[in-house]
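The next block holds one structure in the form of structure tokens; read it before the comments.
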Amino acid sequence: MPIEINWQLLMPELIITLTLLIVLVFDLFDSISKAILGWMTIVGAGIALWVSIQMHQAGTVGTQFNDMFKVDNFSLFFNIIFLVSTILVALISMSYLSRDDRKQGPYYLLILLATLGMMLMAAGNELIIVFLGLELMSLSLYVLAGYFRDNPASSEAGMKYLLLGAFASAFFLYGIALIYGGAGTTNVPAIAEAITAPNKSPLLLAGMFLLIVGFGFKVAIVPFHQWAPDVYEGAPTTIAAFISAGPKAAGFAAFLRIFMEALPSLQVEWSSVVIVLAMLTMTVGNVIAIAQTSIKRMLAYSSIAHAGYVLIGLAAANNDGISSAMLYLLVYCVMNIGAFGAVILAKTEDGESLMISDYAGLGLRKPLLAMFMTIMLLSLAGFPPTAGFVGKFYVFKSAVQAGHIWLVIVGAINTAISAFYYLRVVVTMYMREPEEELSFTAYPSTLVVGLVLAAIGVLLIGILPSLMLTPAQNSVF
Amino acid sequence: MLIDYLPILLLGLFAVLFAGINLALTHILGPKRPNRVKLSVYESGVRPVGDARQRFTIRFDLVAMLFIIFDIEVVFLYPWAVVFKKFSETSGLFILIEMLVFIGILLLGYIYAWKKGGLTWD
């Protein structure tokens, strides 16, 4: 029995694996400056990104390893989202970590491992592979969330994330087991074939709901969102940016693939659940975000609300819905990492500025920082001509086409609610005077580069939506 | 269709009843003459000292993790060795190299753990 492996299909994953090993080897030598590890991560992820874009444009399709691993435009588009997030996070991390040299090696290793896990999730054509990727990603993130061991808040975040995440993984695995019991296979297309029969076994339905619970935890959908604010607040700010971006996109990648490709015949059952979850997620996330005084908690609730907007795309359950959800995830990752990056940039000599009131008067004292923050927040709120507007517009449009008018109305009301708390930060920055004079640290150049890239991305997609919309539309499986 | 599972249900019921009835019977019928030796944790063992809730160093955790990683490596070698013959004629060299890559990556991890002080006790 000859074994044939099409190495070309696996290129992005192999490049990330290789980068990971190189970073690991270089971390062994104490004589080398650890700052180089961050650059290696960026270069490796950059090459993988370039390869993914090339493969996406060429429309590469194929499966590997007995149909377990599927490369198509869908997985490649998500690869692009993950790798862009990884690069941006590595850029904003460099100055954040430079205080402690010893911590740099494992940090980039874990980021790369998590990225590899996400790529496996997006390309998983088998529930087991999706679970494997999910665990690879989650385990790395648990460690990263508790990365500052000396800081009690960080340890708490890591512990909470570990306990709740492990719990969610168990739900997910149980769902897989029940679906295997109902369909007799864990292969995604084979499941779809197995359950075309009109009688829907309760095993399948139970498995499907457990999968929703598992994914709900991972992408922080209400009512499974409780971990998110605590973890985002306690984790290092760069890691909060990372957790809120890539892993959420990865969760949705597997969510979309499994529900649209493996369980389309149960759509009647799951779409109503998804609609209710989307409404709940948007409303709870946005309303609670209003009450927050800590900027990291506010961004955490805002990221919960954004998961709700993405769910609208899934609820629409048509090609437009999927492509708009993908576009939304890309846009969301860039603007959210940008917003967290601006929080890191607002560091004073006393430490990070974590309360919203700390941002008073920054508009005149720190114009560059205030500009970045304003762009990101306007984009998160969905103002034209930023990418956030484009993302919301297409998601809502797809839902209208699918006939979910009420869902869109709830979404629009929520957008209005969200504008309040995003703009409140902008108002604080430009129209309030600070209570005390703060001495700021100098801008780290890598962080500014990361923010400039994010800002360019947000404005470019906002002005030329077709730049990313067309690739997203070509990526529907 | 569900009726097919009836034997399993009966088997389960029988097992529960058999065990339950026997336990109940010994409880009711058996004579009870307890003394201190009989009530100790291990009747013919060492006399117990303190309870089991003792703190021990976190370093065991690291050793346990390293053990599991290399233990699983060895376990993974067995199925590989079993199927090796089946593939040896067409792509033996390929899967040999695959395994070497796998072991190489683990070796790298071992060196990493060693260099980072994962194997030193103090």
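The values are calculated or read from the model by the stated rules, or taken from the named source; none is laboratory data. Computed from a prediction, not measured in an experiment: that's the story for all the values here. All Cβ positions, glycine included, derive from the backbone under ideal geometry; neighbour counts span all protein chains shown.
Per-structure values
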item: Residue match in region A:295-308 (condition: at pLDDT below 90, among the small types (Gly, Ala, Ser), crowded, with 24+ Cβ neighbours inside 10 Å and within 30 Å of residue A:73 (Cα to Cα)); result: no
item: Meets criteria (among the β-branched types (Val, Ile, Thr), under 30 Å from residue A:276 (Cα atoms) and buried (at least 18 other Cβ atoms within 10 Å of the Cβ)) for residue A:408; result: yes
item: Index of the failed condition, residue A:5 passing every other in (1) β-branched (Val, Ile, Thr); (2) free of Cβ contacts under 8 Å to residues at least 40 places away in the same chain; (3) within 14 Å of chain B (Cβ to nearest Cβ); (4) closer than 26 Å to residue A:187 by Cβ; result: (2)
item: Qualifying position, being at pLDDT 90 or above, part of a helix (DSSP H, G or I), aliphatic (A, V, I, L, M) and within 30 Å of residue A:17 (Cβ to Cβ), among B:82, B:101, B:63; result: B:101
item: Output for region A:461-477, where each listed residue is part of a helix (DSSP H, G or I) and more than 20 Å from the chain's Cα centre (by Cα); result: A:463, A:466, A:467, A:470
item: Qualifying residues in region A:30-50 (those that are surrounded by fewer than 20 Cβ atoms within 10 Å (Cβ to Cβ) and at pLDDT below 85) - the one farthest from the other protein chains (Cβ to nearest Cβ); result: A:35
item: In region B:63-101, the residues that are within 14 Å of chain A (Cβ to nearest Cβ), within 22 Å of residue A:113 (Cα to Cα) and more than 24 Å from the chain's Cα centre (by Cα); result: B:98, B:99, B:101
